[in-house]
Amino acid sequence: MKIYELYFNPEDKKKVFESLQYKPENAYKRRAGKLYMVGEVISPKEEDLSFLQTIFYKAKEAYYRTPSASPEKALKEALQEVNNFLKEKEQKNISVALFSSKNFTVYFSAIGNIKAFLLGKKEVKDLKKELTGSASSFENMISGKMSKNEKLVVLTSEIDELFLKEKIIEDMMTVPFNDQITEKISSAQQEKFPEASGIAFIMDFTTSLKEKERKLISEKPPTENFSFKKLLTEKISSLQKMIKKIKIPQINPKKTLGKIKSIALKEKRVFFPLLFLCVVILGSIAITIERRMESGRYHEELLLLEEKIMEARGEDDLQKMKKAFYELEAFIEEGNLKEEAEKLSSTLQEDLLTLSSTQKEVDLKKIAKIEEINPSQMVSGEEILYFSSSGSSQISTLYLEDKREHLYSLPGETGVMFTSFSGGRVLFFSPPDIVTSLEGDNFSVRNIELPSDHEEFVAFSSFMGSPYFLDSKGRIFNYPEETPLPWIKKEEEYLKESISISIDGSIFILASGNEMYRYYRGEKKEKFNLLSFPPLREVKKVYTEINAPLFLADPKEERLLILSKEGEIEKQIFDEKFKDLRDISVANDGKKIYLLLGKEVYSLDI
């Protein structure tokens, strides 16, 4: 995230206002998150000039007093500390917002005339309205997880008026906080609100989740230093107690030499158990030392992993976060400090899912169940969905208006391997060389000429009614007529393990290893770095249209990914129904997609 603190007329003598933030300096304090405050004092006396800083100092000391406390509990303690201070001072003209953030969750409380808004792409939440209680003491708090496309805006009273009247809030809902918005704020302040003073504090999750943080090695928790002397003393003390329990025969000096000799033999018998006992105790000491050293090593490893995670969060580096996650999983599998490691892993998973724009609740609307065939492909035409199967030469059509299903038989006996829609016509490909075109109710069939060194076609798409084939060597052939035309230029490298293509003018090629490339006019233009969490498992198809984003089906993870045309993941949707996701098609208006889940068809607004 990025933090912006805008001060308006800071020299105003009629009030004191401050925006303060504290970033913990070590991993243990960072467990409680970061603490922020925005405050304003109206008509301050001379002794009030440092009033807000004192409040923040007291809040900070209370907040980080117990590093193991949750952010919610820590903020409650901080609020109570500030309440006690305010009660002593009886300050009336004060407005303060105290809030903290950890792992993209914000904990918020405020008193006085401070305003706070949570901005999404489609709605604005007035956080102050959700707080109830006294206007002069902190009585409750609210909390919520922020997504990558949201902003928290905290405003003092006069700046709140400026933002609302100039519709700055509306402008900030859809775009990152940028120079254009800053200029608009500055112009409005100079021209219409020249006397307005105060603060605008903006926590922006849209730009990036990156903050400049110092990289520090995590401090160890306070533990007693290991002492070999102490351990040895403990073991010797234990040995002495055991020796006292052993009965050693008394030697009588008046007895004969033979008897003394006999007693000496008995003493040797006592000596061997004692020797054995010493060896056991020394071994126990060695094992104890080794275990303590191992425990310290595991603790150190976990601290280093936690530091890696903190560093990756600070750099907004999804790749580093993923790497740290897998290292943490390996650490857990070895059974080391399992409880602590699992807590850290759970938190990191939440972060990764938040960064990956995860949406778990979706409004899937069931349209129909295909009864006539067992479909493996689906394509959307003019208010009609077409279904085909690799095991049948029949196709089924579903009329969206009345959900009527109709069955057609295609020429030839082989099933339909690929289907596509563009230029007002549906194209069906039946191996080895039949392309059937359906335009309205009229079918036309043609046999295409296969390339001279023909390899198996592995994917198919069309553009402006013309078919394009991808073969197992990574070559693409266009068929404006019956003769194939190589589409990728000779000097370009072929993607030999390509598995799917889709066209919107450019051709997007999905290759094995979950790699995706964009080609234009036969030339490779860019490679997309598909960083997601959970990582892509087995993406089988890419789909797009001119007026639609990119879609990737990942049935193994039961999800659908939606990407921009620049390859940035905008959203990933999870649903257990997606484990049987067979095909995707986009409605003509580009605002809806159709999903073939088994034999059932669903729609989803995008």
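What to note about this one:
- Within region 346-359, the presence of at least one residue that is out of contact with any helix residue (DSSP H, G or I) (no Cβ under 6 Å at 6 or more places or on another chain), in a strand (DSSP E or B) and modelled with pLDDT under 85 is confirmed.
- Residue satisfying all of: in region 72-95; free of Cβ contacts under 8 Å to residues at least 40 places away in the same chain and touching a Lys or Arg at 6+ places or on another chain (Cβ under 9 Å); surrounded by the most Cβ atoms within 10 Å (Cβ to Cβ) among these: 81
- Filter result (at pLDDT below 90 and within 25 Å of residue 509 (Cβ to Cβ)) within region 566-578: 566, 567, 568, 569, 570, 571, 572, 573
- Residue within region 492-500 that is more than 18 Å from residue 416 (Cα to Cα), among the small types (Gly, Ala, Ser) and assigned by TED's automatic domain parsing to the domain that holds residue 546 present: yes
- Residues satisfying the stated conditions in region 131-188, i.e. hydroxyl-bearing (Ser, Thr, Tyr), over 14 Å from residue 8 (Cβ atoms) and surrounded by 14 or more Cβ atoms within 10 Å (Cβ to Cβ): 136, 137, 143, 147
- Residues of region 372-392 satisfying the condition of being under 23 Å from residue 471 (Cβ atoms) and outside any loop (DSSP other than H, G, I, E, B): 377, 379, 388, 389
- One residue stands out among those in region 321-344 that are at pLDDT 70 or above and touching a Phe, Trp or Tyr at 6+ places or on another chain (Cβ under 7 Å): the one that is nearest to residue 408 (Cα to Cα), which is 322.
- From the list 209, 162, 216, 152, the lone residue that is at pLDDT 90 or above and under 25 Å from the mean Cα position of the chain (by Cα) is 152.
- All of 176, 194 fail the test of being in a loop (DSSP other than H, G, I, E, B) and at pLDDT 90 or above, apart from 194.
- Of residues in region 24-73 being modelled with pLDDT under 85 and outside any loop (DSSP other than H, G, I, E, B), the one farthest from residue 85 (Cα to Cα): 27
- Checking each residue in region 414-458 for being assigned to a strand (DSSP E or B), surrounded by 18 or more Cβ atoms within 10 Å (Cβ to Cβ) and aliphatic (A, V, I, L, M) picks out 426, 427, 434, 435, 438, 458.
- Residue 112 farther than 20 Å from residue 16 by Cβ and out of contact with any Gly (no Cβ under 6 Å at 6 or more places or on another chain): no
The values are calculated or read from the model by the stated rules, or taken from the named source; none is laboratory data. A quick note: this is a predicted structure, and the numbers were derived from the prediction, not measured. Counting neighbours? That spans all protein chains shown, and the Cβs are built from the backbone with ideal geometry, glycine included.
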